[in-house]
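Structure first, commentary second.
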Amino acid sequence: MSNTRMIELIGVQKSFGTLQVLKDISLTVDKGAVVALIGPSGSGKSTLLRSINLLTVPNSGYIRVGDHAMDFSSTQTLPRDRDLAAFRARTGMVFQGFNLFPHMTVEQNVMEGPVTVLGTPKAEARELALALLAKVGLADKAGMRPDSLSGGQKQRVAIARALAMKPDVMLFDEATSALDPELVGEVLAVIRSLAAEGMTMLLVTHEMAFARDVADRVVFMRDGCVVEEGDARQVIEQPSHPATQAFLSHFH
Ligand code: ADP
Ligand code: MG
């Protein structure tokens, strides 16, 4: 096990009833690397991301994020809630929908995790929230309610909120898919700045130019399997597997 690997999955399988959604997935993400996960709808990308922070519990396999590892092969017993919570706190997840608390201000949304989960004193959590809001370009929105923000601004708040937990890795599941086209760029710019700072990230995206330019590696999934993976530019511009070629041909 290498310390340079921040995320490690070995033989991860997940079924819903008789539907096998993840078939023996093995995957690593190096510390500080950005990996783009691409593939057709229904191929298992969200399930894979959800498995990495254990929102979905795999049927078998091994998952490690930083220092936290779980082995689902050896035992049929489910992990304890405490262990799940500790594991989950290491990953920040950003979804397509923003999932902000509507009754709280932007600042309170960002403070909530540190205060309630980590026990951070309020003054300290507020200072951190303001710093993170400044980082995503929303320092002036701290006192607003989420419903007064644009979709792009909401998504940047969601990113700040995930960062407030000081995660080891950030997982993005189609973070820009629900946005109006003119708002996509501001969210991608924040993700790009996180990449430049060395944040380890795994992102499901349909933005192929972004994947090519920002990701180090691209993983192509189909039918619950990793079909092809490699250098981002190589996979996007010169995919070697016919399934990857067919998928990417839809984006021109
Ligand atoms: P993607 O994100 O690549 O579109 P998903 O991981 O969302 O794919 O879904 C993969 C397959 O798993 C789909 O067939 C989907 O219907 C199924 N699926 C996902 N979540 C569940 C669930 N909670 N229960 C049953 N089937 C599910
Ligand atoms: Mg999905």
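The values are calculated or read from the model by the stated rules, or taken from the named source; none is laboratory data. None of the values given here were measured: they were computed from a predicted structure. Please note: Cβ atoms are built from the backbone with ideal geometry, for glycine as well, and neighbour counts cover all protein chains shown. Note: accessible area is taken over every heavy atom of the protein model, side chains too, but ligands, DNA and RNA are not part of it. Shrake-Rupley method; radii C 1.70, N 1.55, O 1.52, S 1.80 Å.
Yes/no per residue for (1) small (Gly, Ala, Ser); (2) buried (at least 18 other Cβ atoms within 10 Å of the Cβ); (3) part of a helix (DSSP H, G or I); (4) within 16 Å of ligand 2 (Cβ to nearest atom):
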{"site": "ILE10", "(1), (2), (3), (4)": "no, no, no, no"}
{"site": "GLY32", "(1), (2), (3), (4)": "yes, no, no, no"}
{"site": "SER46", "(1), (2), (3), (4)": "yes, yes, yes, yes"}
{"site": "LEU54", "(1), (2), (3), (4)": "no, yes, no, no"}
{"site": "ALA69", "(1), (2), (3), (4)": "yes, no, no, no"}
{"site": "PHE87", "(1), (2), (3), (4)": "no, yes, yes, no"}
Task: Positions within the range 169-185 being acidic (Asp, Glu) and either touching a His at 6+ places or on another chain (Cβ under 8 Å) or at pLDDT below 95 (or both), in sequence order - done: GLU174, ASP180, GLU182
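Okay, residues lined up against (1) basic (Lys, Arg); (2) not in a loop (DSSP other than H, G, I, E, B):
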site	(1), (2)
LEU37	no, yes
SER41	no, no
SER51	no, yes
VAL57	no, no
GLY61	no, yes
ARG64	yes, yes
- [ ] Can you tell me which residue within the range 89-115, out of those that are in contact with a strand residue (DSSP E or B) (Cβ under 8 Å, 6 or more places away or on another chain) and in a loop (DSSP other than H, G, I, E, B), is farthest from GLN155 (Cα to Cα)?
- [x] ARG90
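Output the strands (runs of 3 or more DSSP E) that fall wholly within the range 134-248 and possess 3 or more residues being open to solvent by 10 Å² or more (accessible area, probe 1.4 Å), or say none. Before the answer, list the steps.
Working: elements: 169-173, 200-204, 217-222, 225-231.
Per the criteria, 225-231.
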TODO: Tell me which residues, restricted to the range 56-67, are of a type in the set (A, V, I, L, M, F, W, C) and either crowded, with 19+ Cβ neighbours inside 10 Å or at positive phi (or both).
DONE: ILE63, VAL65
- [ ] Search the range 226-252 for residues that are over 22 Å from GLN20 (Cβ atoms) and pair each with any residue that is aromatic (Phe, Trp, Tyr) when their beta-carbon atoms are under 7 Å apart and the residues are at least 6 apart or on different chains.
- [x] VAL235/PHE220
Open item on the list: Please count how many residues of the range 195-207 are more than 17 Å from GLY66 (Cα to Cα) and within 16 Å of ligand 2 (Cβ to nearest atom).
Closed with: 5
Open item on the list: LYS166 - would you say it is within 18 Å of ARG88 (Cβ to Cβ) and free of Cβ contacts under 8 Å to residues at least 12 places away in the same chain?
Closed with: yes
Task: Residue count for the range 89-109, restricted to those that are crowded, with 18+ Cβ neighbours inside 10 Å, under 17 Å from the mean Cα position of the chain (by Cα) and closer than 15 Å to ALA160 by Cβ - done: 6
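Kindly indicate which of SER73, SER15, SER26 is closer than 13 Å to GLY224 by Cα and either touching a residue at least 60 places away in the same chain (Cβ under 8 Å) or in contact with a helix residue (DSSP H, G or I) (Cβ under 6 Å, 6 or more places away or on another chain) (or both).
Details: SER73 fails: closer than 13 Å to GLY224 by Cα; SER15 fails: either touching a residue at least 60 places away in the same chain (Cβ under 8 Å) or in contact with a helix residue (DSSP H, G or I) (Cβ under 6 Å, 6 or more places away or on another chain) (or both).
Residue meeting the stated conditions: SER26.
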Open item on the list: Please count how many residues of the range 142-163 are charged (D, E, K, R), under 24 Å from the mean Cα position of the chain (by Cα) and over 20 Å from ALA89 (Cβ atoms).
Closed with: 3
